[in-house]
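The values are calculated or read from the model by the stated rules, or taken from the named source; none is laboratory data. This one's a predicted model, so the numbers in the text were calculated from it and none came from an experiment. With ideal geometry, Cβ positions are generated from the backbone for all residues, glycine too; neighbour counts draw on all protein chains shown. The area values use the complete protein model at the heavy-atom level, side chains included, leaving out ligands, DNA and RNA. Shrake-Rupley method; radii C 1.70, N 1.55, O 1.52, S 1.80 Å.
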Amino acid sequence: MDIFKVLSRGIKAQPKKNQPGAPQLLPSAGAKVNPQFFHDNVGGSNAKRGKKRKRKGAQANNNNATESGDDDDDASDVDYFAPKPTPEELAAKKDAELKADEPKKQKPKLMEEDECRQILKSHRLKFTVLAGRATQPEEVAEQEKPSKKKKQKKDSKKEQEEEAHKKKKKDEDKKQLYPQPLNSFGELKYTYGIHPTLADNITKQGFRVPTEVQMGSLPLQLRPEMALEKATGVEDVKVERGIDFLGVAPTGSGKTISFLIPAIDAIIKRRADDYTPETDEHVLQAIVVAPTRELASQIVNEGRKLAIGTGVRVVLMKRTLRLVAEENKQEGETEQDGKKAEEDSDHDSEAESEPEEVVGSDEEESDEEDSDADKNEESKAKKGDKKSKKERPITKVDILVTTPKILLNFLCGGEKEKGKPRIIKKTLPSVQSLILDEADVLLDPIFRKQTMGIWHACTHPNLGMTCWSATMASNIEALITKHIEKRARRTPEETPKPLIRLVVGLKDTAVPNITHKLIYTATEPGKLLALRQLLHPVSSADSGPPLRPPFLVFTQTIERAQALHDELKYDIPLEAGGSARVAVLHSSLSDSVRSKIMARFRSGEVWVLITTDVLARGVDFAGVNGVVNYDVPVSAAAYVHRAGRTGRAGREGGVAVTFYTKDDIPFVKSVANVIAMSEKQAGKDIEEKDIGKAAQGSVQKWLLDALPKVAKEDKRKLKVRGVESRRTGGKATITTKSSWERRRENNRREAIEASKRRKREAQKAAKEGGAAPAAAEKEEEWTGLD
Ligand SMILES: Nc1ncnc2c1ncn2[C@@H]1O[C@H](COP(=O)(O)OP(=O)(O)OP(=O)(O)O)[C@@H](O)[C@H]1O
């Protein structure tokens, strides 16, 4: 040790974490050892986030993955003066470790229900049976008598409220489940028996510790009977035919592999069971539906990585694909069914409570645009003779990943004609698993008919349905439950499959590991100034942690994204990469341009990506340091998803900034509420005594109280149309030019246009008659408004 070096070290204390000047941990710094969001010390007197309970049971299950970074605690046991082990001792120790890693042949050891309860609670996992119990308890009868309840309430409101609350809690307790959690990925192979190649692929991806949603959902999906073996009071939950599943878990918590692992494993097993040389073919067995093309291709990539060496083919749906589908034999009936399904859907959307879920205007376009993007391929296909369509080989596919419209078009034999109901001409009887990623948006009125059409076309009697999202409005949950029950009624001879819901953490909140900033900019130009300040921060004394590239900027419309890009593209100095560092991505761009921009952003070439809600859901950019909501999101759920593009897989240091102007004040309360709830969940909520202090990144209580409540009708309008003034042709434009300058430019442009028009008219008249040349000459003399 160089003593001079030690002595010459500065004595200035290093700033602590989260203090100004302290090196900040950013999402771009890389993956975290432990991707879990919640691991409370349940049971201890001083429960604290970030500390994980140690379990005996998990160790007994001989897992080959470390549980968490908490093993560092063992450092206190290190004995620096102990004699060094001999090489023989080291070799013997290694042998023992290897032996411990070998799969156990005997029956895996399951945890008792109490222990499961503790672990589930510490990771904030809550399971509820929503439908399909063999005997439905009295709550159904209770629900059928709302008028009587109301009457009672009038008598002694408080008493009745208390009673209702108690009853609700009791009912909820009754429906709750405490299945086995997955403590490590090693258990997937040794306890739940997934194929070794699939297990190896999981390890190769570097996944060591399962996230909460993986802990909760994988055992139930893979072997429900085993997951519930130690659970008590589940006699009416019959899982022999599998389960239907609804997973509501934070953004970036690894939902994708939670549905891909069971889908791939089921295909491998079925193939092994039914193997004959003739049947060893790829048969479409699972469909994953996602709302945007970017998300769909991301799922394909994830799926292919997991399926390496398993023989399972994961394919992205394209117009030119030929799938094995059965012609609908009872077309007349299906037509009626189809019509009925549409009527049902319409009826649902009106009858149910106002949906809280977001459907950004752009998302609709994104799927609309699917058709445009695939037109190239279609035209190529059309160029060949008509026969070629028939001759095109059937695509070998086991898992199909698709956006809803493109698959529905295939099933209906073409695009929708205006005013005509869609008829499903083909069905997909081989599909045994239908997975809806971002299910709430897929079942929102905007995509509902398309998604329901696909659901209807999957005719397998034992179709398994799993739905996933970070947000789930209650009306969407009710819709899923209703349709699953309806399907079950078609086969009364079979035991109904239970629909089990898993909620991780608080429903509809943002991830707990990011910082939120709500910034009032008063006007539209104020936003541009504020964004420039974020790009070029002048002082570190700014409120909250600075926003460092790469980051995403969300706008309400395509036009605004384009305009913001035009404004910002020269803001990055040439020596730092110039305009190439800022890019825009929206649904009017072609497919190939979109993919190129995505690749450039992922590679770090683009620092600021301006976009619309087309990238708000599901897209995984691991190292995004922040999100700027240049325009206020159209709903609380939209906020959750946009903010969730940062802080993925538990990465710390992400920032979500939201600008709001005078025009947004009527709508911003729902966003402020989500921020407050998310901070509360993260343990950062402001205490009464701190009200008035500038708490970093939190929404202060006075602001929450001062913001007006958003009326239901306004919420609905906002969701469908966004802030009116920002729609195309609205008064709010993104530009640094003053309105006087813009007016002058407009006048000049119009004058030039008018001049050209007159000239053309004069020339036309000159061709026709003699008097015109003079007029044309006269016209040329005019120089327009300058
Ligand atoms: N167990 C794990 N350990 C570490 N990283 C993981 C783990 N599981 C998933 N990830 C990574 O976490 C990131 C987010 O995963 P994913 O995209 O599946 O999240 P999500 O829950 O679907 O998010 P969203 O709600 O935004 O769609 C991915 O980069 C994925 O590779």
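Out of curiosity, is LEU589 in a loop (DSSP other than H, G, I, E, B) and surrounded by 14 or more Cβ atoms within 10 Å (Cβ to Cβ)?
Yes, satisfied.
For segment 248-258, the set of residues classified as open to solvent by less than 20 Å² (accessible area, probe 1.4 Å) and either more than 9 Å from the ligand (Cβ to nearest atom) or out of contact with any strand residue (DSSP E or B) (no Cβ under 7 Å at 6 or more places or on another chain) (or both) consists of VAL248, THR251, GLY252, ILE257, listed by residue number.
Among the residues of segment 646-661, none qualifies, meaning not one is of a type in the set (Lys, Arg), within 15 Å of the ligand (Cβ to nearest atom) and open to solvent by less than 10 Å² (accessible area, probe 1.4 Å).
Per-residue answers, yes or no, for (1) in a helix (DSSP H, G or I); (2) at pLDDT below 75; (3) among the basic types (Lys, Arg):
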| site | (1), (2), (3) |
| --- | --- |
| ALA92 | yes, no, no |
| ALA100 | yes, yes, no |
| GLN106 | no, yes, no |
| CYS116 | yes, no, no |
| THR135 | no, yes, no |
| GLU142 | yes, yes, no |
| LYS158 | yes, yes, yes |
| HIS165 | yes, yes, no |
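Considering only residues in segment 186-232 that are more than 10 Å from the ligand (Cβ to nearest atom) and among the hydroxyl-bearing types (Ser, Thr, Tyr), the one that is most open to solvent (accessible area, probe 1.4 Å) turns out to be THR232.
Got at least one residue in segment 525-534 being surrounded by fewer than 18 Cβ atoms within 10 Å (Cβ to Cβ), free of Cβ contacts under 8 Å to residues at least 24 places away in the same chain and not charged (D, E, K, R)? Yes, some residue in segment 525-534 is surrounded by fewer than 18 Cβ atoms within 10 Å (Cβ to Cβ), free of Cβ contacts under 8 Å to residues at least 24 places away in the same chain and not charged (D, E, K, R).
Filtering segment 417-460 to residues that are open to solvent by 10 Å² or more (accessible area, probe 1.4 Å) and among the hydroxyl-bearing types (Ser, Thr, Tyr) leaves THR427, SER430, SER433, THR459.
Condition check ((1) among the polar types (S, T, N, Q); (2) more than 23 Å from LYS255 (Cβ to Cβ); (3) in contact with a Gly (Cβ under 8 Å, 6 or more places away or on another chain)) across all residues:
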{"position": "ALA530", "(1), (2), (3)": "no, yes, no"}
{"position": "LEU564", "(1), (2), (3)": "no, yes, no"}
{"position": "LEU568", "(1), (2), (3)": "no, yes, no"}
{"position": "SER588", "(1), (2), (3)": "yes, yes, no"}
{"position": "VAL619", "(1), (2), (3)": "no, no, no"}
{"position": "VAL624", "(1), (2), (3)": "no, no, yes"}
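If I filter segment 600-610 for residues that are surrounded by 20 or more Cβ atoms within 10 Å (Cβ to Cβ) and near the ligand (Cβ under 10 Å from one of its atoms), do I get at least one hit? No, segment 600-610 has no match at all.
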